[in-house]
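Single-structure report; data block below.
The values are calculated or read from the model by the stated rules, or taken from the named source; none is laboratory data. As the structure is a prediction and not an experimental result, all values here were calculated from the model. Heads up, the Cβs are rebuilt from the backbone with ideal geometry, glycines too, and the neighbour counts pull from every protein chain shown. Each accessible area value is taken on the protein alone, full model and side chains, heavy atoms only, with ligands, DNA and RNA left out. Shrake-Rupley method; radii C 1.70, N 1.55, O 1.52, S 1.80 Å.
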Amino acid sequence: MTSTRKLWTALAALLVTSFGVLLWVGYDISLKDPPVPERVVTENGRTIYTRGDILRGRQVWQSMGGMQLGSIWGHGGYVAPDWSADWLHRESLALMDHWSAGTYDALEQEQQSALQERLRREMRTNTYDEASDTITISDERAAAIAQVSDHYESLFGNDPTTAELRENYAMKNNTVPHPEHREKLSAFFWWTAWAAAAQRPGKDITYTNNWPSEPLVGNRPHSSMFIWSAFSVTFLLAGIGLLGWHHAVTHGRREREHDLPASDPLRKVVVTPSMRATAKYFWVLLALFLVQIVFGAMTAHYQVEGQLVYGYEAAEILPYSITRTWHTQLAVLWIAVAWLGTGLYIAPAISGYEPKLQALGVNVLWVSLLIIVVGAFVGQWLAVMQTLGLEHNFWFGHQGYEYADMGRVWQWFLFIGLMLWLFLVARALMPALREKSEARHISMLFFLSAAAIGLFFGAALLWNEHSSLSMIEYWRWWLVHLWVEGFFEVFATSVIAFLFTRLGLIPIRSATVAVLFATIIFMAGGVLGTLHHLYFAGTSMAVMALGASFSALEVVPLAYIGFEAYEHWKLSSATPWMQRYKWPVMFFLAVSFWNLVGAGLFGFVINPPLSLYYMQGLNLTPLHGHTALFGVYGMLGIGLVLFCLRGMKPELRWDGTPIRSREVKI
């Protein structure tokens, strides 16, 4: 068995095992997620909330922007509070105030401690009865719930008494204009707080693994968090050591230097009509990128000015929740457009084959993408402005789940578009897949990663409007983590390998082995590393154990990213004609830097359970998000686009003067 075949076998075994475990974890989550009761009743039988109230409240939360305005169980935006934590704290204070007849703050320390112990028993005792499907609470707790509910009805309305809070939270006035909807919203927030405080049956830990930190109810890091955080660091050190040993052993086995081409081999590639048609994708990419920057600036100003942008009252037209939605969604969209355009350009370049009507397919897909972007964004704006209606919101408006915000109709439309893209790439690539040569392996990996990009977006279609919140988070991170952080990486690695082999700078066999090995290393931690996003999302301790261990392995290859950067830098000056590719290679160097800093250092800072317990909801999370998403995938997308543009315009001279730093003399 050849080394290449061994690597393919290892990759297949790894993916089958990893996804088998990941699916088992999903089944485990479906059995252990927090129950949504049919009724919440007091001890004397008075109904406080029904399941319908809680689910309707979640619809209201989704329609106003969901995770884009505050967060639930730590997932979402960071200007408004985490509503689960906020409700839990306010209910705790209200209940102790009720018990002390409004004198809690004036009590002696011993008396306060006694009330806090009573509060812990009240809040942590799980009174859910599976047989009757009810949660029973005391009359005193019902009174505290009513008090907190009044606060939220004021906050999400237009009450002047909470105007300052709305400004601090970057909320527009009348975020939820209908009183009935505000009442239902309170029901949903209460349920998320209940799950954060109530212990699992037979366990000493809550449904959210004691998150958020709330000493009043006894929410503190569980001992398991210390154990798995230590394991996480241990796995990281062990992985770095093993990969370092592998590099030391194999470093001297590289193939001998080969003769470099005297001229640019890619200049011989004939640019077909479909390849030239991808140029419009790159214009759209530029437009989406610039618009994303505009909405990012607006979002940042809301964080400082509350309801103002540069002093203008913009919140009533473009509220924070919509600018943040569009800012985050445009990031994924323009990077995805870079991938789509690159795939459509590269496939015929690899095979030298232009299928019939390929250019028409490229143009139809381009028009479809425009319709999706405009339609989804209009639907989201109508939803946040509360004019679309809850009955239409899930399908056409705002789903409220970060990075998966667009309505279900637009998600289906995008999925169909991705299937069209995969079909176009596959038919153009087919001759290269059929040829019996060493280069076929890189072509195959390129095709499989393209197929994964198309198919794995389907994870966004695996929940419905009333699915369990924990299961929605499970599938959402399949989309965000596996789609973006997993298969985008493999796709990019195979494309870069193809480019350097076609340029004659790397032997095909060396590139094939390197790409397959890199894919194995990335996916070893990448698949099960998905679970580190789910520590506190109503999941069991098994999720924390697997997520902490394997997410550490994601950082291992990044510790040696400097070798890759050095190789790219050497290739940039390998021949005089490589100066034509200076800027694409410079962006690849930037990818290496941000892979280490943004994905590696900033990512691992918040990965261990104990770190994330205290850091979730702080600005370290968007720090990691910005530097990893834009620093790695954004830079990579731009670099690939520049390669494609160089092929389309081989004689064009790129003047780098405007972006070159200059010395300022005083």
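Yes/no per residue for (1) open to solvent by less than 50 Å² (accessible area, probe 1.4 Å); (2) more than 18 Å from Gly486 (Cα to Cα); (3) out of contact with any strand residue (DSSP E or B) (no Cβ under 6 Å at 6 or more places or on another chain); (4) in contact (Cβ under 8 Å) with a residue 60 or more places away in the chain:
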{"site": "Ser592", "(1), (2), (3), (4)": "yes, no, yes, no"}
{"site": "Val605", "(1), (2), (3), (4)": "no, yes, yes, no"}
{"site": "Thr627", "(1), (2), (3), (4)": "yes, no, yes, no"}
{"site": "Gly634", "(1), (2), (3), (4)": "yes, no, yes, yes"}
{"site": "Cys644", "(1), (2), (3), (4)": "yes, yes, yes, yes"}
Every residue from region 115-131 that is open to solvent by less than 60 Å² (accessible area, probe 1.4 Å) and either of a type in the set (S, T, N, Q) or farther than 22 Å from Val36 by Cβ (or both): Leu115, Gln116, Leu119, Arg120, Asn126, Thr127
Filtering region 607-619 down to residues that are among the aliphatic types (A, V, I, L, M) and either open to solvent by less than 30 Å² (accessible area, probe 1.4 Å) or not in a helix (DSSP H, G or I) (or both) yields Leu612, Leu618
Mind counting the residues in region 72-118 that are in a loop (DSSP other than H, G, I, E, B) and small (Gly, Ala, Ser)? 6
Just a yes or no: is a residue in region 74-94 at pLDDT 95 or above and among the hydroxyl-bearing types (Ser, Thr, Tyr)? yes
Report, by residue number, each residue of region 139-150 that is over 12 Å from Trp190 (Cβ atoms) and either touching a His at 6+ places or on another chain (Cβ under 7 Å) or touching a residue at least 60 places away in the same chain (Cβ under 8 Å) (or both). Asp139, Glu140, Ala143
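Which count do you get for residues in region 383-411 that are open to solvent by 60 Å² or more (accessible area, probe 1.4 Å) and more than 16 Å from Ala336 (Cα to Cα)?
The number of residues fulfilling the criteria is 5.
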Going by the conditions given, is Ser223 closer than 23 Å to Tyr581 by Cβ, open to solvent by 60 Å² or more (accessible area, probe 1.4 Å), small (Gly, Ala, Ser) and out of contact with any strand residue (DSSP E or B) (no Cβ under 6 Å at 6 or more places or on another chain)? no
Being more than 14 Å from Leu424 (Cα to Cα), open to solvent by 20 Å² or more (accessible area, probe 1.4 Å), touching a helix residue (DSSP H, G or I) at 6+ places or on another chain (Cβ under 9 Å) and in a helix (DSSP H, G or I) narrows it down to one residue among Trp334, Trp326; which is it? Trp326
What number goes with the only condition from (1) without any contact (Cβ under 8 Å) to a residue 60 or more places away in the chain; (2) under 17 Å from Gln62 (Cβ atoms); (3) surrounded by 19 or more Cβ atoms within 10 Å (Cβ to Cβ) that Ser467 does not pass? (3)
Between a residue in region 86-111 that is closer than 17 Å to Ala195 by Cα and polar (S, T, N, Q) and any residue that is part of a helix (DSSP H, G or I) and open to solvent by less than 70 Å² (accessible area, probe 1.4 Å), which pairs come within a Cβ distance under 6 Å, given they are 6 or more apart or on different chains? Ser92/Leu119; Ser92/Leu216; Ser92/Val217
Residues of region 416-459 being open to solvent by 20 Å² or more (accessible area, probe 1.4 Å) and under 15 Å from Leu482 (Cβ atoms), which ones? Leu448, Leu455, Phe456
Kindly provide the set of residues from region 1-40 that are open to solvent by less than 80 Å² (accessible area, probe 1.4 Å), part of a helix (DSSP H, G or I) and closer than 23 Å to Lys203 by Cα, ordered by number. Val25, Gly26, Asp28, Ile29, Ser30
Quick one: which of Phe593, Phe604 is touching a Gly at 6+ places or on another chain (Cβ under 8 Å) and assigned to a helix (DSSP H, G or I)? Phe593
When only residues in region 41-71 that are outside any strand (DSSP E or B), open to solvent by 10 Å² or more (accessible area, probe 1.4 Å) and touching a strand residue (DSSP E or B) at 6+ places or on another chain (Cβ under 8 Å) count, which is modelled with the highest pLDDT? Arg51
Look at region 304-323 and say how many of its residues are buried (at least 17 other Cβ atoms within 10 Å of the Cβ) and of a type in the set (Phe, Trp, Tyr). 1
Among (1) closer than 30 Å to Gly352 by Cα; (2) buried (at least 20 other Cβ atoms within 10 Å of the Cβ) - the single one Glu567 does not satisfy: (2)
State whether one or more residues within region 238-258 are touching a Leu at 6+ places or on another chain (Cβ under 6 Å) and either surrounded by 20 or more Cβ atoms within 10 Å (Cβ to Cβ) or not in a helix (DSSP H, G or I) (or both). yes
Please pick out the residue among Tyr535, Tyr581 that is at pLDDT 85 or above and buried (at least 18 other Cβ atoms within 10 Å of the Cβ). Tyr535
Those residues of region 152-182 which are assigned to a helix (DSSP H, G or I), in contact with a Ser or Thr (Cβ under 9 Å, 6 or more places away or on another chain), touching a residue at least 12 places away in the same chain (Cβ under 8 Å) and surrounded by fewer than 19 Cβ atoms within 10 Å (Cβ to Cβ), in sequence order: Glu153
